[in-house]
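Before any comments, here is the structure.
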Amino acid sequence: MKIKFLAGLVALLLWLPLVAQENYKDKAEADSVKTYRSAGFYTVKSFPQQFKGKKPKNVILLIGDGMGTSHVFAGITANGGQLFLDNFKHVGFSKTQSSNQYITDSAAGGTALSSGVKTYNGAIGVDPDQKPVKTILEEAEEKGLATGLVSTSAITHATPASFISHQDSRGSYEAIAADFLKTDIDVFIGGGYKHFAERKDGRNLTSELEAKGYQVLRKMDDIAAVKSGKLAGLTAPEHNGRVSERGDMLPVATQTAINILSNNKKGFFLMVEGSQIDWGAHQNNTIYVVEDMLDFDRTIGKALEFAARDKQTLVIVTADHETGGLALTGGNIKTGMVKGAYTSTDHTAVMVPVFAFGPGAENFTGIMENTDIPNRIRDLFLKK
């Protein structure tokens, strides 16, 4: 009996950290969160569609986790009928199924987008046989390009992890953090400080990062001041808070990453995740969804501003899956009011949008597999 009790206790202790990482999925019961009411609109700029050549020097891939077409139109409505996404003239759809499930999770979805390989739900940078698969970030590193990751989640969470780590399970957060030390990534900004500095194995990865030449910073004001060199911005113990708490962390972090990475004359690859569109949809919380959709769109605006000035940057915006089965059951474009209803508190199987701007954007139209996106990036960007 005592052995069974101890075994159960060990299992509970192993399970609790994973639960803490996934508690954003808890449903919000109040009907008051189903309706978003705007407090004001932000200005959306139009950018010229004039580019140098047919192949990009730089690629910025922005992933709105859980973002379906309803989430996009909720954002359009909430901002008075316009988003920075309006600048994208080349639009398609991505099929998101994983290798073993009709409905993917973010780990398999992220791995498909990072590597061009479909895998099982929960896999981070490995194929269905648990063998590592090379990601477009790793290939960019091998070619001497600068690389970066930015996320509002922990940087060790499924989507960013799938671009830099190779683990059998998305819950292996400390192993994922250790994988960062095996790479030459130039910039990463997101939460997850505990996975680097407060580890069960006693390693302090922040000290190891500093020994490799990284500036390891925790405050966004300090992070935003960095213009060159290697940067590890660990902005929260685990995940960053909602927009009301984290402010403009995502657009500022994205601008900071672009400033640093663009110093490389060969070019760069940057992945940016708007993590919490998904979390709001898991909670069936329309206010949360719209707040993060608008935050993600303002971040897209930073990427577009650079791309329009640079004229050699391909910007792609997509999602790993749709979350919530969101339907818009009411709204007012003049006032920015959005009313949502949901069919699920989890992911769904529907296609998600793909938007492209810049040299090679015409290659990202029509109905695609999610694996087509990185493979087309490879053809344009890495096979020169």
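The values are calculated or read from the model by the stated rules, or taken from the named source; none is laboratory data. The model shown is predicted, which means the values in this text are computed figures rather than measured ones. FYI the Cβ positions are ideal-geometry reconstructions off the backbone, even for glycines, and counts take in every protein chain you see.
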Note: among MET249, MET293, just one is over 27 Å from GLU198 (Cα atoms), touching a helix residue (DSSP H, G or I) at 6+ places or on another chain (Cβ under 8 Å), aliphatic (A, V, I, L, M) and at pLDDT 95 or above, namely MET293
Across region 247-272, the tally of residues that are out of contact with any strand residue (DSSP E or B) (no Cβ under 6 Å at 6 or more places or on another chain) and surrounded by 24 or more Cβ atoms within 10 Å (Cβ to Cβ) stands at 2
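Please find, among ALA146, ALA108, ALA197, ALA123, the residue that is closer than 30 Å to ALA225 by Cβ and surrounded by 23 or more Cβ atoms within 10 Å (Cβ to Cβ).
It is ALA146.
Specify the residue that is surrounded by the most Cβ atoms within 10 Å (Cβ to Cβ); the eligible residues are those in region 156-194 that are under 20 Å from GLU139 (Cβ atoms) and among the acidic types (Asp, Glu).
Looking at residues that are under 20 Å from GLU139 (Cβ atoms) and among the acidic types (Asp, Glu), I get ASP186.
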Filtered residues of region 328-361 (kept if over 19 Å from ASP295 (Cα atoms), touching a helix residue (DSSP H, G or I) at 6+ places or on another chain (Cβ under 6 Å) and either modelled with pLDDT under 95 or of a type in the set (A, V, I, L, M) (or both)) = LEU328
Residue in region 34-56 that is surrounded by the most Cβ atoms within 10 Å (Cβ to Cβ), counting only those that are touching a Ser or Thr at 6+ places or on another chain (Cβ under 7 Å) and in a loop (DSSP other than H, G, I, E, B) = PRO56
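Please specify each residue of region 334-356 satisfying the condition of being under 30 Å from LEU314 (Cα atoms) and among the hydrophobic types (A, V, I, L, M, F, W, C).
Matches in region 334-356: ALA349, VAL350, MET351, VAL352, VAL354, PHE355, ALA356.
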Within the set of pairs 6+ apart or on separate chains, which have a first residue in region 263-284 that is on the phi > 0 side of the Ramachandran plot and at pLDDT 95 or above, a second that is surrounded by fewer than 23 Cβ atoms within 10 Å (Cβ to Cβ) and of a type in the set (S, T, N, Q), and C-beta atoms under 8 Å apart?
-> GLY267/GLN312; ASN284/THR345
Is one or more of the residues making up region 110-129 basic (Lys, Arg) and touching a Gly at 6+ places or on another chain (Cβ under 9 Å)?
-> no
Pick from region 80-123, criterion in a strand (DSSP E or B) and within 18 Å of the chain's Cα centre (by Cα), ranking: farthest from ALA158 (Cα to Cα) = PHE93
Is it true that ASP292 is of a type in the set (D, E, K, R), touching a residue at least 12 places away in the same chain (Cβ under 8 Å), over 27 Å from ALA123 (Cβ atoms) and buried (at least 19 other Cβ atoms within 10 Å of the Cβ)?
-> no
Would region 128-142 turn up any residue that is within 18 Å of ALA253 (Cα to Cα), at pLDDT 95 or above and in a strand (DSSP E or B)?
-> no
Of those in region 295-310 that are crowded, with 23+ Cβ neighbours inside 10 Å and among the small types (Gly, Ala, Ser), the residue nearest to the chain's Cα centre (by Cα) is ALA303
GLU273 fails exactly one of (1) of a type outside the set (Ser, Thr, Tyr); (2) in contact with a Lys or Arg (Cβ under 6 Å, 6 or more places away or on another chain); (3) part of a strand (DSSP E or B), namely (2)
If you go through SER244, SER275, the only one that is surrounded by fewer than 23 Cβ atoms within 10 Å (Cβ to Cβ) and small (Gly, Ala, Ser) is SER244
